[in-house]
Structures are given as structure tokens and as C-alpha cells.
1. Just to verify a number: FRET efficiency for ILE25 and ASN68, C-beta to C-beta distance, R0 = 41 Å, to 0.05?
2. How large is the accessible surface of SER22 in square angstrom, using a 1.4 angstrom probe and rounding to the nearest 10?
3. With a cap of 13 neighbouring Cβ atoms within 10 Å, and only residues DSSP puts in a loop, list the trypsin sites (Lys or Arg not before Pro) found in region 1-96.
4. Note the full-extension length gain between LEU33 and ASN77 as 0.36 nm times their separation in residues minus their Cα-Cα distance, in nm to one decimal.
5. Under the definition of Cα pairs under 8 Å and six or more residues apart, what whole-number percent is the relative contact order of region 4-58?
6. Test of the criteria: in region 1-66, which chymotrypsin sites (Phe, Trp or Tyr not before Pro) are in a DSSP loop and have at most 15 other Cβ atoms within 10 angstrom of their Cβ?
Amino acid sequence: MTYARLLIPQLIPENKVLYLDSDIIVNDKLDSLFNIPLKDHYVAATPDPLRGFNAGVMLINNQLFHHNPHKVKQLFNVSQNKENAQADQTALNIVFGDTYLKLSNQYNYMISGEQYLTYNYKDLR
């Protein structure tokens, strides 16, 4: 199921799709997310200081994927590299890390010990 988010463009016909990991807690309306213009960005996500962006909350420009179906194949090809620590998220960052649309951290705010360590002990990785 980890790779399911990579198949969204092939399985869902809508032009814009919001992907949420199963551990996400939504405590407000999501309308503002859907009103964000994606233009030529394949995905919008929140920055992650260690991995480029966090793919737990992604606004997906399905319309752009539908016009460029080779992108899904590219994601799967990259994800099969055994050196990728978090296969699907790493693949998304390799393919879109320089071109994703940055969302505010309010859309994917980490509240765990991982957050503390991520922001305060980057040199330990």
C-alpha cells in the first residue's frame, strides 16, 4: 500500500486530488487547499528539512499527470532503487523535489519526537 499514492493519477480521474496519510488529523476545513492553483507543479506539499518535502499530505495535479503519463512510470522506476531509504517518498522527492509547490507547515505539522530531533539534531543523521 505504500506505493498506492503513486498510482493515484492512473486510478482517479479528477483533475486535483488531495492525498492524506492514515496518521493525519484534520481539524479544520480543507477548502483552502483545493483553492491553491497548482499551475505547472505536479505536487504541492510541506517542506521536510531532511527529505525535501513530506509526502504525507500532497495536493496532486492529476491533470498534469494525465497529460504526462510517463511520470508515473518514472516514479516507479526511481522507487525500485534499493538505496532509497523511503522508497515512494524518496522517489517523489527525487522526481519533484526541485519543482514541488511549497505548502505552509500548517497542512502537515509534525508533533512527535521525530520533529524535535529533525529540527534540533540534523548533524546526527
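The values are calculated or read from the model by the stated rules, or taken from the named source; none is laboratory data. On a predicted model such as this, the values are computed, not experimentally measured, just so you know. Here the Cβ positions follow ideal geometry from the backbone for every residue, glycine too, while neighbour counts run over all protein chains shown. Side chains are part of the model used for accessible areas, which takes the heavy atoms of the whole protein and leaves out ligands, DNA and RNA. Shrake-Rupley method; radii C 1.70, N 1.55, O 1.52, S 1.80 Å.
1. Once rounded, the FRET efficiency stands at 0.80.
2. 130 Å²
3. Passing both the DSSP loop test and the Cβ count: LYS29, LYS39, LYS82.
4. Working it through step by step, the gained length comes to 12.9 nm.
5. After rounding, I find 37 percent.
6. Taking region 1-66 and a limit of 15 other Cβ atoms within 10 Å, the loop chymotrypsin sites (Phe, Trp or Tyr not before Pro) found are TYR3.
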